[in-house]
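Here's the structure we're looking at; comments come further down.
The values are calculated or read from the model by the stated rules, or taken from the named source; none is laboratory data. Just so it is clear, the structure is predicted and the values come from calculations on it, not from any experiment. In this analysis, Cβ positions are derived from the backbone assuming ideal geometry, glycine residues included, and neighbour counts consider all displayed protein chains. SASA here: full protein model, heavy atoms, side chains in, ligands and nucleic acids out. Shrake-Rupley method; radii C 1.70, N 1.55, O 1.52, S 1.80 Å.
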Amino acid sequence: TSAAEMAKRLRHKTILGRWRAKTKAVYESFPLQIFVALLIVAAFVIQVWESETFPEEGSTAREVIDTADVLLTCIFTLELIVNMFSNWFLPFIEDGWNYFDMIVVSVSIVSLSLSSVPGLGALRLMRTFRVLRLFGRLHSFRRIIAALGAALLPVTNAFIVVMLMVSVFAIMGVFLFQNRAPQYFGSFSVSFFTMFTISTVDGWVDVVYDAAPDTLDLGRLYFIAYIIVVVWTLLPVVVAVLLDKFTEVMAKDKERMRRARMPAFKPVTSSALDPILKTLTDFESDDNLSQRIRLLFEALDFEARGSLTHFGVTEALRTLRIGNGVRVSEEDWEDLTQNGRLCDAFGGLSAATFERIVRTELRDFLQRGLAG
């Protein structure tokens, strides 16, 4: 499919699709994301102020807090609607943070609408979790959450081992000290809580003196064994597993970002744009190549905004169905744009920058053809 044919076919795109693409470009722009993040921080600061001062009903402070709460809830609701419109359908449901946003915003709306209903006032506490939406806004926070999520399974396994050992010692404590200190070892549940308390290394001396008051009491070996096995050995293992997996995931992410910032050392491999580059190999002159690249730019400008975004290019390629179907993933886009450094403030590629990228990719494509 030639670039001219691509441009001709894109003229039939629906108005709704173009509006959605434009909305997505604005919504995902860096300034708007920073603005939303600042609003989230402002909402959290207001909740801190409310928890610190406890303003009385009818006071000026209470009116300011209530007004700000309504205003912020309306803004967050509008932001969620814009997100749903610009990313509908699969891109929206594939992002787990969108589910969290929907829950938090829905709870905020319900708490405002039914604040006077008895028993529903506790829903206001759920609004505290609005600050956690920052994790989905800032890339550095998302990296930390992703690393913690990857470490969840191995940490859970290590934690299960710890809980089993605490249960074993709890059962032993019931048989050894039930008569001596029933307030600490009267049943399995009480004994388990006692051992959990001892794990914090706070107040454990009182438990030892009540259960084994004599200095030469062999029962004290029980507590010594618990401290050595659980507190000194197993609990640090849980932390070590968490740190090991966390460091591993963060190191992989940093390596991926480092490679994205080093295009000069990119290995000679196939490109996601190879099917398109193949249509440009028969150019007649440098001017002819520039003209064909401009036509390609117009064809891929799905949003008709004079610059290319990842969403616009993806939608254009999906509609055109070039060859067996070209798909530019987010990693491919980061690689092509040098991790976004070649994009403007709104995440778009200008025509001149796009031509430089295509010429570089075309040169690599021809080199791969010669090497093959």
Note to self: What figure, in Å² to the nearest 10, do you get for the accessible area of Lys252 with a 1.4 Å probe and non-protein molecules left out?
What the structure shows: 130 Å²
Check: Within the chain, which complete DSSP H helices have Cα atoms spanning at least 24 Å along the helix axis and a mean Kyte-Doolittle hydropathy of 0.0 or higher?
Finding: 30-53, 60-87, 96-113, 152-177, 235-260
Checklist line | With 10 Å bins from 0: P(r) over region 132-266, alpha-carbon pairs, percent | finding: 11, 30, 21, 16, 12, 6, 3, 0
Item checked: Accessible-area value, Glu331, 1.4 Å probe, nucleic acids and ligands omitted, Å² -> 120 Å²
Margin query: For the chain, report the % of Cα-Cα distances exceeding 31 Å.
Written below: 60 percent
Item checked: Alpha-carbon gyration tensor eigenvalues x 5, square-rooted, for region 325-372, Å -> 22, 13, 9
Check: Rounded to the nearest 20 Debye, what is the dipole magnitude of the chain about its Cα centre when Lys and Arg each give +1 and Asp and Glu each give -1 at the C-beta?
Finding: 1280 debye
Checklist line | Sparse-neighbour loop sites [chymotrypsin sites (Phe, Trp or Tyr not before Pro); region 10-98; at most 12 other C-beta within 10 Å; DSSP] | finding: Trp88, Phe89
Notebook entry, point to check: For the chain, modelled as a Gaussian network with Cα springs under 10 Å, which listed residue fluctuates most, Arg292, Arg62, Arg259?
Noted result: Arg62
Notebook entry, point to check: In nm, what is the difference between 0.36 nm times the number of residues separating Gln178 and Gln367 and their Cα-Cα distance?
Noted result: 60.0 nm
